[in-house]
1. Give the shape of segment 86-144 as rounded, prolate or oblate, defined through the alpha-carbon gyration tensor: a ≥ b ≥ c are the square roots of its eigenvalues, a/c under 1.5 means rounded, and otherwise the shape is prolate if a/b is larger than b/c and oblate if not.
2. Enumerate the calculated ³J(HN,Hα) couplings along segment 238-247 in order (Karplus 6.51 cos²θ - 1.76 cosθ + 1.60, θ = phi - 60°), each rounded to whole Hz, writing x wherever the residue is Gly or Pro.
3. With respect to the cross-link table entries 175/288; 143/259; 75/134; 134/179, which display a Cα-Cα separation exceeding 30 Å?
4. For every other residue with a beta carbon closer than 12 angstrom to the beta carbon of residue 62, add +1 if it is Lys or Arg and -1 if Asp or Glu, then tell me the sum.
5. Kindly identify segment 75-189 as rounded, prolate or oblate by the Cα gyration tensor criterion: order the square roots of the eigenvalues as a ≥ b ≥ c, call it rounded if a/c is under 1.5, otherwise compare a/b with b/c, prolate if a/b is larger, else oblate.
6. Starting from the Cα gyration tensor of segment 189-231, take the square roots of the eigenvalues, sort them a ≥ b ≥ c, and report rounded, prolate or oblate (rounded when a/c is under 1.5, otherwise prolate if a/b is larger than b/c, else oblate).
7. Ranked highest first by average number of other Cβ atoms within 10 Å, how do 150-156, 63-69, 295-301 line up?
8. Considering only C-alpha atoms, what is the centroid distance from segment 58-111 to segment 233-251, in Å?
Amino acid sequence: MAIEITSESLAGAQPEAAGAYKESPVSAVTQLAGSRQRSSRSRFLLANPSWTRRNFSSRARELSGGEVIILSIPKSGRTWLRAFLCAYFCRRFGLEFTLRPGRYDLPGFPRVVFSHDLFEHRTKGDRWDRLRGKYLVPRRELKRTKIILLARDPRDCFVSLYLQLTRRDPNAPAKLRQKSVSEMLRDENFGMRAIISTMNDWLSEFSTRNNFILVRYEALRASPTDHFRDLLAVLGESSPDPNIFREALEFSRFENMQKLEAAGAFDSNILHPGDVRDPESFKVRRGKVGGYREYLSTEDQQFAADAMRELDRRFGYIA
């Protein structure tokens, strides 16, 4: 299979230490006398998967029941995967295209759960959301079904996320939207080390499991035909219809998706630009491998390279 790394091939390598959990900044009230000890204990508990893998919120249902769970840092290419899979299976079942296939409850139509999981747990919501595990895939689901970790070079991930937060996302806090790329690169929650910490924690948690597959975005870009065919096989579609497969590949090309996004052709806010006059505000932006060099100064590239040394070597990225 072109999806190249499974739990078996990862098991023999020695993992590097996972990054520590970085809690979102808390209000000044909680930092008064006596709060330091409580905060330290909270970080310890949240860093332990046996504690973090509990979701007591109503959102747990949305993150359950899938044949496959795809985890990723934001801007790792999951919208591209989603568009291809939706295009293929909607066409295969003779249904209208949608990026929300959950509306079709049909036998044989696979349910794929997409989640940013730990990253959203650490960056979204408030303390109550984190206590309930609102953004976490329930532990029972991760034991039950296949897990695909979609990885991308953290430097490219970061740049795309920075543009998402500052040019596209109207819900991003004003303080965050005003940050320069250099400031965001070093941000405790959204910067390079926060991305790397989450990637390391996922790999540490899942790499020894038989139901785990690591897929690199860069490999998908280099050979989408092979990798998307393998992705369908994971979903039980071992002999995809060749005509529908070609149509889905063509539909999900970046250039085509950008045109459709600009025209407002999608039935979901997932693919709506922040400003149609600003190419950098599009959800489907460029997808370029190594494009971070065009946005980061020499000094920032060196900072990013230093941070990359903390990334688990099994991801295969070089500083």
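1. prolate
2. Ordered by residue, 3J(HN,Hα) equals 6, 10, x, 4, x, 5, 5, 4, 5, 4 Hz.
3. Beyond 30 Å: 143/259.
4. Counting the neighbours of residue 62, the net charge comes to +4.
5. Since a/c reaches 1.5 and a/b is larger than b/c, the shape of segment 75-189 is classed as prolate.
6. oblate
7. 150-156, 63-69, 295-301
8. If we compute the Cα centre of each part, the gap is 14 Å.
Every number here is computed from the coordinates shown, using simple stated rules; none is lab data. Keep in mind it's a predicted model, so treat the numbers as computed, not measured. Cβ: placed from backbone, ideal geometry, glycine included. Neighbour counts: every protein chain shown.
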